[in-house]
Amino acid sequence: MTSSTRDDAVRLGSTGRRAPLLLGPAFVAAIAYVDPGNVAANLTAGARYGYLLLWVLVAANGMAVLVQYQSAKLGLVTGDSLPGVLGQRMRRGPRLAFWVQAEVVVAATDIAEVVGGAIALNLLFGVPLPLGGLIVGTVSMLLLATQNRYGQRRFEHVIVALLAVITIGFLAGLVVSPPSAAGVLSGLVPRFEGTDSVLLAASMLGATVMPHAIYVHSALARDRHGHTSGSALAAVLRSTRWDVGIALAVAGAVNIGLLLLAAAGLRGVPGTDSIPGAYDAIAGALGIGIAIAFAVGLLASGLASTSVGAYAGATIMEGLIHRRIPLLVRRVVTLIPAIVLLAVGADATWTLVLSQVVLSFGIPFAVVPLVALTRSRAVMGTHRNGPWLHGTLVLVVALVVALNLTLLALLLLT
């Protein structure tokens, strides 16, 4: 046995013993899948159309598992983030244009997260929306300070704790008002009912397969595990598959639960296609305790997801234009558009839904390069995707692009 082989064996044994501790990066990325934009899109879909669009969430979550693992694998194999790998391979003009669209996606994400947190504070304590947005932004700075001071592991612990609060808060209502089994089965049949249902489907897709989560997951995996090789890399990749599978199973259950809650208890109730209206309806139908749990989950969602969004924005900027600014400074700058929208009285729930549509249009720009890079032998070496997996990922991209083109055509026609 050579010296390098012995070193790899030792590292593999250590990694195997530490397997549970390797869970974490995917849980941080998964926060993006349960942000306030998801809440708005899924509640609106369930309140308006019942179980009709359940199939969209199921399909989107399956896509998300595939895509997020590819992002993490790219980061582990290359030792760089997806934006960083792209930044090395693109000419200056295209690289800057790509950076601009990625920043637009992050801005849309940030608006949804801050607005959602502000709505939660308004529901719980009557805080005016602009002040609530400012509070959410300030608390998110404290969360980011945790990452800066104590490192990624402590930051992951805080985010996972918030994910637990989100899960309990959003799914508590299903215990009191379980969904119809027949309705659930009917919702698994792919179909639409008019332009508005397609718009909501795109919004749900944009809220589930999140572009900024794709960009940031590669950086999270790299920052946690470093650039490994040999048998140690194989062990970390196995652990990462579990990390992604468990984290996105939780996020998928939350998203599906939100739609089922609205379909079972809120359909046809006036005002339930908005978050405040849904809160009132939940309080009336299921009790104030369930409504408060829902609002607390929404607040945790806004606080956690806006911190992850700032992390993603920093990753994108560093990789594509090779500039770094402090996370706290970035948090202040990106907070401004959300506060302005809240101050001018924009409809909060519809702002959330439209922000997710913007995200949906940003998905191909993240997924297409990811699929190409993870098939490249020059980038991935022996860990490149085989033809069957690559074909599946190409199909995912084709479905996303087709849905977005359909949405654009319907919007132009109407």
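The values are calculated or read from the model by the stated rules, or taken from the named source; none is laboratory data. Keep in mind it's a predicted model, so treat the numbers as computed, not measured. Virtual Cβ from ideal backbone geometry, glycine too; neighbours counted across all protein chains shown. Side chains are part of the model used for accessible areas, which takes the heavy atoms of the whole protein and leaves out ligands, DNA and RNA. Shrake-Rupley method; radii C 1.70, N 1.55, O 1.52, S 1.80 Å.
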Filter result for L43 (open to solvent by 50 Å² or more (accessible area, probe 1.4 Å), closer than 22 Å to I166 by Cα, modelled with pLDDT under 90 and within 18 Å of the chain's Cα centre (by Cα)): no
Subset of the stretch 46-82 (residues that are in a helix (DSSP H, G or I) and more than 17 Å from the chain's Cα centre (by Cα)): G46, A47, R48, Y49, L54, W55, K73, L74, G75, L76, V77, T78
Residue count for the stretch 242-277, restricted to those that are in a helix (DSSP H, G or I) and over 22 Å from the mean Cα position of the chain (by Cα): 5
Members of the stretch 209-238 found to be of a type in the set (G, A, S), touching a Ser or Thr at 6+ places or on another chain (Cβ under 8 Å) and surrounded by fewer than 24 Cβ atoms within 10 Å (Cβ to Cβ), listed by number: G230, A232, A235
Hits in the stretch 405-414 - residues which are at pLDDT below 70 and among the polar types (S, T, N, Q): T414
Test: residue in the stretch 273-284 that is buried (at least 20 other Cβ atoms within 10 Å of the Cβ), touching a residue at least 24 places away in the same chain (Cβ under 8 Å) and small (G, A, S): yes
2 or more residues farther than 21 Å from V100 by Cα and open to solvent by less than 30 Å² (accessible area, probe 1.4 Å): qualifying helices (runs of 4 or more DSSP H) within the stretch 303-414: 348-375, 377-380, 387-413
Residue count for the stretch 268-312, restricted to those that are within 16 Å of G46 (Cβ to Cβ) and hydroxyl-bearing (S, T, Y): 3
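Counting just the residues of the stretch 175-199 that are hydrophobic (A, V, I, L, M, F, W, C) and at pLDDT 90 or above, which one comes out farthest from L286 (Cα to Cα)?
Step by step, filter the stretch 175-199, then rank; the result is V189.
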Yes/no for S180 being hydroxyl-bearing (S, T, Y), surrounded by fewer than 15 Cβ atoms within 10 Å (Cβ to Cβ) and touching a residue at least 24 places away in the same chain (Cβ under 8 Å): yes
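Restricting to the stretch 130-145, and then to whatever is open to solvent by less than 10 Å² (accessible area, probe 1.4 Å) and of a type outside the set (A, V, I, L, M), can you tell me which residue is nearest to L341 (Cα to Cα)?
Going through the qualifying residues, I end up with G133.
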